[in-house]
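Notes follow the structure.
The values are calculated or read from the model by the stated rules, or taken from the named source; none is laboratory data. Note that this is a predicted model, so its numbers are computed, not measured. With ideal geometry, Cβ positions are generated from the backbone for all residues, glycine too; neighbour counts draw on all protein chains shown. Surface accessibility is based on the protein's heavy atoms, side chains included, excluding ligands, DNA and RNA. Shrake-Rupley method; radii C 1.70, N 1.55, O 1.52, S 1.80 Å.
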Amino acid sequence: MLRHDFLPGRAVLGLTFLTATVLYAADASGTWDTPWWTLLPVIVCGLFVAATAGWIGYGIRRRRKARIASSENTDAPASTSGSHAIR
């Protein structure tokens, strides 16, 4: 199985819409009496938290990749005998 980065913004967004779905379904079935305007703050706050989590996750991944890339270039050059200058 291929490894992939964890995207916390997408996870929070999924939980937000799952919560909105549960609220709407409970109201439709008569289990809860949810006012119509309740879903608006839930979705808006969820979008804000998802965006914040996404930006934090992006910053962490960017720093990690930069740190890994800088540690890979510490070895000696592949060839020292050649006509091109080594930077």
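Counting just the residues of the range 56-83 that are in a helix (DSSP H, G or I) and open to solvent by 90 Å² or more (accessible area, probe 1.4 Å), which one comes out modelled with the highest pLDDT?
Of everything passing the filter in the range 56-83, I56 is modelled with the highest pLDDT.
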Is it fair to say D5 is within 16 Å of the chain's Cα centre (by Cα) and open to solvent by 70 Å² or more (accessible area, probe 1.4 Å)? yes
Filtering the range 19-55 down to residues that are open to solvent by 100 Å² or more (accessible area, probe 1.4 Å) and either part of a helix (DSSP H, G or I) or at pLDDT 95 or above (or both) yields Y24, W36, W37, L40, F48, W55
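Being over 21 Å from G54 (Cβ atoms) and either in contact with a helix residue (DSSP H, G or I) (Cβ under 9 Å, 6 or more places away or on another chain) or not basic (K, R) (or both) narrows it down to one residue among L18, L39, L13; which is it?
Just one listed residue meets the conditions, L39.
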